[in-house]
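Here's the structure we're looking at; comments come further down.
Read the figures in this text as sums done on the coordinates, not as results from a lab. This one's a predicted model, so the numbers in the text were calculated from it and none came from an experiment. Please note: Cβ atoms are built from the backbone with ideal geometry, for glycine as well, and neighbour counts cover all protein chains shown.
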Amino acid sequence: MTAPDRADPDRAQWVREALATHERGLVSYAARVIGDVERARDAVQETFLELCGQDPAQLDGHLREWLFTVCRNKALDMRRKESRMKNVASPVAVGEAHAQVSEEPEPGATLEQEEMLSKVLNSMKALPDSQQEVLLLKFRHGLAYREISRVTGHTISNVGYLIHMGVKALRAKHAEDLQEGCAS
């Protein structure tokens, strides 16, 4: 493969724009899948290297979905490879991985919002991995059900069910926490 800058300046610009727009979200997502931010960055780098060989016209309208799908596959491959090399894995908690790659807070963000996010992320740890993944793709990365379906391989209706059950569990946990807070 030739260097995209020399072969096609438009393609190089397309890749640079995709990198600027999606890198941070992909690293956050891959860190959740792999459990390590540095290896997540490697997965994202491999994803963008693969993007260099793609035809922009074929990905028109599906770039974000393609990036998350390829990144997920690379992250899962890395995780499988590591698990074969190690008998015991120690994944990083979702909240810790998120904290290492999260964006700067918007002006006016309050301590209360940060505490709520922390509580939600901690509550999500109790959910099955499939629910955690679809909730993060939906609410953290803004993917539509159809995009999540293509990224994860679940049917669209299963994505909806997983999101519904995950949100329901989080609401129940939040209501329980509020009752405990009022009782003390």
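Can you tell me the order of 11-20, 72-81, 51-60 when each peptide is scored by its average per-residue count of other Cβ atoms within 10 angstrom, highest first?
Working: 11-20: 15.3, 72-81: 17.4, 51-60: 12.5.
The most tightly packed comes first, giving 72-81, 11-20, 51-60.
A straight Cα-to-Cα reach below 18 Å connects residue 173 with the lysines 119, 125, residues fewer than 8 places away in its own chain not being considered.
How much length, in nm to one decimal, is gained on full extension between residue 167 and residue 125, taken as 0.36 nm per residue of separation minus their Cα-Cα distance? The partial results should precede the final answer.
Numbers: separation 42, 0.36 × 42 = 15.12 nm, distance 1.29 nm.
Between residue 167 and residue 125, full extension yields 13.8 nm more.
Listed highest first by mean packing, meaning other Cβ atoms within 10 Å per residue, what order do 136-144, 29-37 come in? Before the final figure, lay out each step's value.
Values: 136-144: 17.8, 29-37: 24.3.
Averaged packing, sorted descending, gives the order 29-37, 136-144.
Which residues in the stretch 39-63 place their backbone N less than 18 Å from a point set 7 Å from the Cα of residue 8 along the Cα-to-Cβ direction? From the stretch 39-63, the list is 47-63.
Can you put 28, 83 in order, fewest other beta carbons within 10 Å first? Walk me through the intermediate numbers first.
On the way: 28 22, 83 11.
Going from sparsest to densest Cβ surroundings: 83, 28.
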